[in-house]
Amino acid sequence: MNDTKGKLYLIPSPLGDNAPEEVIPRPVLELLQGIRTFVVEEVRTARRYLSKAGLKGKIDELEFFELNEHTEVGQVESYVRLFDHGHDVALISETGLPAVADPGAQLVALAHRHGIEVIPQVGPSSLMLALMASGLNGQSFAFCGYLPAKPDERKSRLKAIEKLSAGGRQAQIFIETPYRNDAMLKDIIEVCRGETRLCIAVNITMPDASVRTKTVAEWKRDIPLIGKRPCVFILSA
């Protein structure tokens, strides 16, 4: 029996409806041609992406296994068998980089526990692209993930983030479920100090992308409507 384990490749995906060749490096697209096993957040989305990425006509030859917020721990553990006999596996998130604010991190952890080589590939990250364009502190920053959904808890967390930022001169990056973007901005304007700077980065890499940094007081005078577009917030007190 061949006990050699395959490798785990972390494959980025577009942040929006970009054609893969517009935002994914050519070597990554070429790498996809030789992989037949994929662990993905949602099979339908992954099939569509891979078809556009050059695998059209070969999709039915591929194996797909889902890993999302509904996947049981035992199911994730069973995926270690996918690497048997030297078979390589690719992990793909819904958008951007896999395993960052993404359930795919569980598969990466599994790979490390079993001595499986993990190979990250280059691609778009909304968090890093927003930070690059924000003019805020790229030397010291923290990613806070999703903030609480309940308004009172969210406001308390925003105050705590602002205090952390002021104490350490550290940019604080966070995201929100798109349908709560405008509620998030309303709470930021309500509870944060006027002089605190806030970057709002919307639909990065898309034709209508917008990355703007102003003080909270300036945003308050002209509150934008973000809507359900993907958005990254960066706060700096």
Conditions (1) β-branched (Val, Ile, Thr); (2) buried (at least 19 other Cβ atoms within 10 Å of the Cβ); (3) without any contact (Cβ under 8 Å) to a residue 60 or more places away in the chain -> ILE189 fails only (2)
Quick check: anything in the stretch 87-94 of a type outside the set (Gly, Ala, Ser) and part of a helix (DSSP H, G or I)?
no
**Prompt:** Taking the stated definitions as given, is GLU117 of a type in the set (Asp, Glu) and modelled with pLDDT under 95?
**Reply:** no
Could you please let me know if LEU198 is within 22 Å of the chain's Cα centre (by Cα) and either modelled with pLDDT of 95 or more or assigned by TED's automatic domain parsing to the domain that holds SER140 (or both)?
yes
Scanning the stretch 27-54 residue by residue, those among the aliphatic types (A, V, I, L, M) and assigned to a strand (DSSP E or B) turn out to be VAL39, VAL40
Residue count, the stretch 1-26, condition under 17 Å from the mean Cα position of the chain (by Cα) and either surrounded by fewer than 16 Cβ atoms within 10 Å (Cβ to Cβ) or assigned to a strand (DSSP E or B) (or both), comes to 5
For the stretch 204-222, pairs from a residue that is within 15 Å of ASP187 (Cα to Cα) to a residue that is part of a strand (DSSP E or B) and among the basic types (Lys, Arg), with Cβ under 7 Å and 6 or more apart or across chains, are THR215/ARG197
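Restricting attention to the stretch 99-125, which residues are surrounded by 15 or more Cβ atoms within 10 Å (Cβ to Cβ) and under 19 Å from GLU21 (Cβ atoms)?
Correct list: GLN121, GLY123, PRO124, SER125.
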Looking across the stretch 200-232 at residues that are in contact with a Cys (Cβ under 7 Å, 6 or more places away or on another chain) and crowded, with 19+ Cβ neighbours inside 10 Å, the single one that is nearest to ASP17 (Cα to Cα) is VAL202
Check your understanding: Out of all the residues in the stretch 15-37, is one or more at pLDDT 95 or above and closer than 11 Å to SER93 by Cα?
Key -> no
Yes/no for LEU136 being surrounded by 15 or more Cβ atoms within 10 Å (Cβ to Cβ) and within 30 Å of CYS192 (Cβ to Cβ)
yes
Filter the stretch 55-64 for residues that are in a loop (DSSP other than H, G, I, E, B) and of a type outside the set (D, E, K, R); the one that is surrounded by the fewest Cβ atoms within 10 Å (Cβ to Cβ) is GLY57
Taking the stretch 126-141 and keeping residues free of Cβ contacts under 8 Å to residues at least 12 places away in the same chain and part of a helix (DSSP H, G or I) leaves MET128, MET132
The lone condition ALA99 fails out of (1) under 22 Å from the mean Cα position of the chain (by Cα); (2) part of a helix (DSSP H, G or I) is (2)
Only one of GLY168, GLY145 is over 22 Å from TYR9 (Cβ atoms), more than 21 Å from the chain's Cα centre (by Cα) and at pLDDT below 95, namely GLY168
When (1) surrounded by fewer than 16 Cβ atoms within 10 Å (Cβ to Cβ); (2) without any contact (Cβ under 8 Å) to a residue 40 or more places away in the chain are applied to THR45, the one that fails is (2)
When (1) farther than 16 Å from GLY145 by Cβ; (2) within 16 Å of the chain's Cα centre (by Cα); (3) modelled with pLDDT of 95 or more are applied to SER210, the one that fails is (2)
Being aliphatic (A, V, I, L, M) and within 24 Å of ASP102 (Cα to Cα) narrows LEU225, LEU235 down to just LEU235
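The values are calculated or read from the model by the stated rules, or taken from the named source; none is laboratory data. Nothing here was measured: the structure is a model prediction, and the numbers come from that model. For neighbour counting, all protein chains shown are included, and Cβ atoms are generated from backbone atoms with ideal geometry for every residue, glycine included.
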